[in-house]
Amino acid sequence: MASTSPQTSKKVRNNSGSGQTVKFARRTSSGRYVSLSRDNIELSGELSGDYSNYTVHIPPTPDNQPMATKAEEQYVSNSLFTGGFNSVTRAHLMDKVIDSDVTHPQMAGAKGSSCAMPACDGNVMKDERGKDVMPCECRFKICRDCFMDAQKETGLCPGCKEQYKIGDLDDDTPDYSSGALPLPAPGKDQRGNNNNMSMMKRNQNGEFDHNRWLFETQGTYGYGNAYWPQDEMYGDDMDEGMRGGMVETADKPWRPLSRRIPIPAAIISPYRLLIVIRFVVLCFFLTWRIRNPNEDAIWLWLMSIICELWFGFSWILDQIPKLCPINRSTDLEVLRDKFDMPSPSNPTGRSDLPGIDLFVSTADPEKEPPLVTANTILSILAVDYPVEKVSCYLSDDGGALLSFEAMAEAASFADLWVPFCRKHNIEPRNPDSYFSLKIDPTKNKSRIDFVKDRRKIKREYDEFKVRINGLPDSIRRRSDAFNAREEMKALKQMRESGGDPTEPVKVPKATWMADGTHWPGTWAASTREHSKGDHAGILQVMLKPPSSDPLIGNSDDKVIDFSDTDTRLPMFVYVSREKRPGYDHNKKAGAMNALVRASAILSNGPFILNLDCDHYIYNCKAVREGMCFMMDRGGEDICYIQFPQRFEGIDPSDRYANNNTVFFDGNMRALDGVQGPVYVGTGTMFRRFALYGFDPPNPDKLLEKKESETEALTTSDFDPDLDVTQLPKRFGNSTLLAESIPIAEFQGRPLADHPAVKYGRPPGALRVPRDPLDATTVAESVSVISCWYEDKTEWGDRVGWIYGSVTEDVVTGYRMHNRGWRSVYCITKRDSFRGSAPINLTDRLHQVLRWATGSVEIFFSRNNAILASKRLKFLQRLAYLNVGIYPFTSLFLILYCFLPAFSLFSGQFIVRTLSISFLVYLLMITICLIGLAVLEVKWSGIGLEEWWRNEQWWLISGTSSHLYAVVQGVLKVIAGIEISFTLTTKSGGDDNEDIYADLYIVKWSSLMIPPIVIAMVNIIAIVVAFIRTIYQAVPQWSKLIGGAFFSFWVLAHLYPFAKGLMGRRGKTPTIVFVWAGLIAITISLLWTAINPNTGPAAAAEGVGGGGFQFP
């Protein structure tokens, strides 16, 4: 038995079967960890306040002690876990997480009343409703530590001196007054006593059968749990069998969860025909061009024909995968009937949907405002999905205290925001976006208290924003105060020890948390073990897992009346992986893999949805939409569901094609008809099993090994080469992680509710409540986010997000498709997710530069689609091949943009004369191009203006970012020069005066040089050729028109770029004029040197300038 002192802060249950050691200790006021035993303290005689908390090892507590189990879970959620390489995992009990008050019982820092034991400053535990938990009938208030001591020593309650009874906590009389069970059973009084309970409602043990009570009385817990359809709920079309009773799915015909809708033949057939016609015409045109060279300007003809051949090849790679576009639809009512409705076998209506873990990543609170991230988290916590099935994880790769406290504030505000969204069916559930809507907020709202509730929640949100925006100053002032105190202490100790008072006091400038202890992550003044690249792993359960049954609120304890609303919140975990010098942390991909491992141990949701910090859930049913595909018949081989990216804050004209609708609504929809869309980094629902590097299941082979079609399998069943001894080599040495893999695979299977479903799970398998968190489990999750865990494993190579490219998203999706998985594109009527995009020209160019550089890396790596396996379909192979090749088009595009100017300067053209054949071919190609554009607009739903903006941006980015990407990629391959990129700055959304202010900001970048040069050269060439033609004795207007036409074509594409350089109200940077003048002078001098005026003889032949001379 462990001995304790009066000030012992925490004890923990350790599972004997785990090798993970956890030390619980409260850090002292100086930020140091104290880990001493009572014997050591008594021998040393130092029993001061700083050494009042120490490590206590408690033997495993029996499972039949609910007080200990619930107490430990809350202690775990109130502790900040830290650990890493060559360091002990510690759990620091935090007195408070943020400066403001914490009200929700699930949140870290929630405390009950003071313990009634003498000389104890502990707090009584809280239950799910925030009420004090008292294990004895005498209602003696006792904290968890004192309760454990009393259990071990005497087993008597310190209050009434009676014996504690195991299970008393669960046998407390339930309180139904709050509305959790509004329909009491017959034969009960208002307190729920069972004195007159009929024998028919007792089970074989003589105990009250609650499920039977629900069935016979049609009791309700609320939507998604015990829910009984009311009369006229479904209108006049409701089946008679559904009136006044539960839905029996077995009596209803089987219906699919999703449908594949083909494009109408009137659109797709002409579209495919035009592709064939243009391909044939293009072949004839190129053949004619090769056979008819321009002997007068062979150099011009040769450059043009090389570029045109490449453009034809590039068009094939881009166009052929678009042959099979499709649309899809989902049926959320069928999903609800199958998984959420009560039945005789599930009278409580507990959801049978699989769990889902949502990942949000952030790295720098200065470039990614914490308020934006907090709003994203709030939209996730309010998602319309069974609360107990949702877990949210935030990866803070910067390890900043600002992000930590901002997330704690978000969790605290979620106590009001999430029930408010459920009560009034709010959309969108991002508070900033919701309160910024320019529509009538009362539209489609039926509750009479909506206006009052909205006014209250708006006031609370304004205060929440003030707290978030004030956190930097609050943390700085707090840290300055504590650092000043530490300096005073150090100075006092130096004087008492007789030191030299003239020597400066060396005290580290630490960053302090709200509870007065050192922040284990990055400090404002970086030091060893406290910088962005050197800090311990941190894990804090901000919101502990909710109870499996609804928690109906009341009208007394909240600002808003939630008397008929479920007030539970999903589990929310803050994670900052360990970083140490000398380790390659692999940027975002490494952070995602750390979340995959930590979540596998804590919640192990069979599906993962990853979002950027500025992409929030705009449609609260988006998760259900994606689940319709995963849970449908044949969904076991879907590796991920890709949702389109939609953006807010884009200028109305979409000057730089930020919406990218041609790609998201055209290319991605077309790939959905092949093997699936590519993974684009955010808004993607993954199958966890597919991320582990396994091949898609083959039901015929797998079922030969098992007698039952719904029996769980082991990892070796999916990969014969992966036996127990090979698990650490692939996944690391975590036993809990390895054990979670087959569980996640089994829970992610479709429902075996149809004879055609050969590979599924039995109905009701996921209704079992999850186990509460314990310290050993959380400590294991800390160990798997350490910097050394991936050493000598296949993480980043085969497992998880793939390393080695700045576009890790495309590579990760490619690996899955290459193993035979397929993906699905889910376009919902209401946008599923929305985010922000850079509307500034420079930021947009750098964003495209990062994407294009990743594509070049893919081309020169083993992820090139040329080396793909036979499991990758042909059209999908072409699409991935285009991903790696498209940046190289910039080399030919830049040359082709200069050809009109070369033609005008030289007086020659790419063809000898504008013959009928050339014009006919050009006309046919143009007509096919226009026809394809119109039909593509029809089946994709994009607008012609969006299509034209995409064409303009293709030339702008192709002559700037793509060229630099090719150069950087080649340098990396040849010279090994690493490429580093800065984060795209996210808008904080606080500038309400002009939301498009960034559009007019001109920030000079070297990426702007090539487009400026192209534009100036073509403008000067047009002027020079026009003047020269006028002064020629025999004007050659055909050559002028041909060259000028293509020059205007280039300039028309560069118009958005030129407009961006102008800035706002003529505020053009001086550098633009300097470059323009320099280019004009250089070209003039260069042309004068190459082709000087040769006098009247040359003028008579039409050579030179006639009577025109350069100044």
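Things worth noting here:
- Global geometry of region 584-669, whether rounded, prolate or oblate, following the gyration tensor of its Cα atoms and the 1.5 cut on a/c: oblate
- Surface listing: C620, C120 arranged by accessible area from highest to lowest gives C120, C620, probe 1.4 Å.
- Residues of region 448-474 falling in the label zone of A490, defined by backbone nitrogen less than 17 Å from a point 7 Å along Cα to beta-carbon, are absent.
- Ranked by the mean number of other Cβ atoms within 10 Å per residue, highest first, peptides 454-464, 846-856 order as 846-856, 454-464.
- Length added when fully stretched, I866-L273, from 0.36 nm per residue minus Cα-Cα: 210.7 nm
- From most to least packed by mean Cβ count within 10 Å, the peptides 402-411, 663-672, 151-160 give 402-411, 663-672, 151-160.
- Between S497 and N469, the simple label model (points 7 Å from Cα in the Cβ direction) yields a spacing of 4.6 nm.
- Overall, the accessible surface of region 370-428 at a probe of 1.4 angstrom is composed of carbon and sulfur to the extent of 50 percent.
- Pair R830, K938: separation of 7 Å Cα→Cβ label points (nm): 3.2
- Accessible area of I925 (1.4 Å probe, protein heavy atoms only, ligands and nucleic acids ignored): about 30 Å².
- Largest-first ellipsoid semi-axes for region 248-325, taking √(5λ) over the Cα gyration tensor eigenvalues, angstrom: 49, 13, 6
- Förster radius 56 Å - calculated FRET efficiency between Q163 and D331, Cβ distance, rounded to 0.05: 0.50
- Classification of region 452-533 by its C-alpha gyration tensor yields a prolate form. The axis ratio a/c (a ≥ b ≥ c) is 1.5 or more, and a/b outweighs b/c.
- Residues of region 404-425 with amide N under 17 Å of a point placed 7 Å along Cα→Cβ from K445: 416-425
- Between V505 and A119, the FRET efficiency estimated from the beta carbon spacing at R0 = 25 angstrom works out to 0.10.
- R0 of 56 Å, Cβ-Cβ distance I306-I261: FRET efficiency to nearest 0.05: 0.85
- Ranked by the mean number of other Cβ atoms within 10 Å of their residues, highest first, the peptides 948-954, 1007-1013 fall in the order 1007-1013, 948-954.
- Ranking of C138, C826 by solvent-accessible surface, largest first: C138, C826 (1.4 Å probe, protein heavy atoms only, all chains present).
- Across the cross-link table entries K367/K465; K322/K873; K532/K729; K423/K443; K532/K792, which are compared at the Cα atoms, the separations over 21 Å belong to K532/K729; K532/K792.
- Cα gyration tensor shape of region 863-940, rounded if a/c is under 1.5, else prolate or oblate by comparing a/b with b/c: oblate
- To the nearest 10, the accessible area of C324 is 40 Å² with a 1.4 Å probe.
- Stretched out straight at 0.36 nm per residue, the stretch from I927 to I977 would grow longer than its current Cα-Cα span by 13.4 nm.
- 25 °C / 0.890 mPa s Stokes-Einstein diffusion coefficient of region 797-947, Kirkwood radius on C-alpha pairs, µm²/s: 126
- The gain in end-to-end length when the T287 to S526 segment is fully stretched comes to 79.5 nm, 0.36 nm per residue minus the alpha carbon separation.
- In this view, the solvent-accessible surface of R655, computed with a 1.4 Å probe and all protein chains in place, comes to about 20 Å².
The values are calculated or read from the model by the stated rules, or taken from the named source; none is laboratory data. As the structure is a prediction and not an experimental result, all values here were calculated from the model. FYI the Cβ positions are ideal-geometry reconstructions off the backbone, even for glycines, and counts take in every protein chain you see. Surface areas here come from the heavy atoms of the whole protein model, side chains and all, with no ligands, DNA or RNA. Shrake-Rupley method; radii C 1.70, N 1.55, O 1.52, S 1.80 Å.
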